[in-house]
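Here's the structure we're looking at; comments come further down.
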Amino acid sequence: MAGSPYAGLLEGAFLKKTKELVNSHPLRAEEIRGVVLQAWEDIFESKLGPKSFQIGKHIFPKPQIMGFFLHELIPLEFAARYPDKWRGEKTKHDKDLVYIPEEKFSIEIKTSSHQSRVFGNRSYAQEGDTEGNKSKSGYYLTANFGKFSAENLRPRILRIRFGWIDHSDWIGQASAKGQQAHLGPGADKFKLLTIYPNK
């Protein structure tokens, strides 16, 4: 992977660069938004077993499970639409959504039940050789969604963002036992464009 496209830029120029990166990507923001929203609906429309149990009606999974379904369905949908161009992750070297013609356009997917933030595991913020593993820098698609509760039996997608995150944008938890990493404020604000809800 080449160096950061933000190298040498002041933070005030980040947003312009992010828009350039998003506009140069082979997937349009409108289609990404549509696929994420459709994948979320598909989770609720799916039926399990001979008794047709449904999520949101009979089953109310924890956020990690809902995030897993969303994380898996998005690559499947793009692979079904464009089998010669997109596929899901096959090896540890792969991003979550692989662009077959040109690797630099591959996408890492992050989902979260937090209202606005997304997280990575602590390895995202750790320095070191990434040989043998996928790069932590590149295009990111993030989706935030609501949680099930007694008052909310049909949570919805709250926010979808798309942009470019560099390895150095991730900040690990201060505690030695902390397992999470979060984005620094500059990256969170200027390197991911909100594509849902529409502004």
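Could you please report the charge total around Thr18, scoring K, R as +1 and D, E as -1 over all other residues with beta-carbon less than 13 angstrom from its beta-carbon?
+1
How far apart, in nm, are the 7 Å Cα→Cβ label points at Glu45 and Leu158?
Those two pseudo-labels are separated by 2.5 nm.
Between Tyr82, Tyr139, Tyr99, which gets the highest mean-square fluctuation from a Gaussian network model of the chain, Cα cutoff 10 Å?
Maximum fluctuation in the GNM of the chain, among the listed residues, is at Tyr82.
What size of dipole, in debye to the nearest 20, comes out for the chain about its Cα centre when the only charges are +1 on Lys and Arg C-beta atoms and -1 on Asp and Glu C-beta atoms?
Value, rounded to 20: 620 debye.
What is the extension gain from Ser4 to Lys19, computed as 0.36 nm multiplied by their sequence separation minus the C-alpha to C-alpha distance, in nm to one decimal?
3.9 nm
Calculate the FRET efficiency for Lys189 and Arg81 from the Cβ-Cβ distance with a Förster distance of 35 Å, rounded to the nearest 0.05.
According to the calculation, E is roughly 0.65.
Pick out, from His182, Tyr82, Trp164, the residue whose Cα sits farthest towards the positive end of the charge dipole of the chain, with +1 on the Cβ of Lys and Arg and -1 on the Cβ of Asp and Glu.
His182
With θ taken as phi - 60° and the coefficients 6.51, -1.76 and 1.60, list the Karplus ³J(HN,Hα) couplings across the range 83-90 in order, rounded to whole Hz; mark glycine and proline as x.
x, 8, 10, 10, 8, x, 5, 10
Name the residues whose placed amide hydrogens come within less than 5 Å of the amide hydrogen of Phe145, ignoring near sequence neighbours (fewer than 5 apart) on the same chain.
Those lying under 5 Å, H to H, from Phe145 are Ser112, Ser113, His114, Leu158.
Which entries of Lys95/Lys136; Lys104/Lys136; Lys136/Lys191; Lys47/Lys90 have Cα-Cα distances beyond 18 Å here?
Lys47/Lys90
Where is the GNM fluctuation largest for the chain (alpha-carbon springs, 10 angstrom cutoff): Glu41, Glu72, Glu11?
Result for the chain, Cα springs under 10 Å: Glu11 fluctuates most.
What are the extents of the Cα atoms of the range 12-196 along their three principal axes, in Å, largest first?
50, 43, 33
Given the options Phe145, Phe68, Phe119, state which has the largest fluctuation in a GNM of the chain using a 10 Å cut-off (strictly under) for Cα springs.
Phe68
Bear in mind that the values in this text are calculations on the coordinates, not laboratory data. Bear in mind that the values here come from a model prediction, so they are computed numbers and not experimental data. Here the Cβ is made from the backbone with ideal geometry for all residues, glycine too, and neighbour counts use every protein chain on show.
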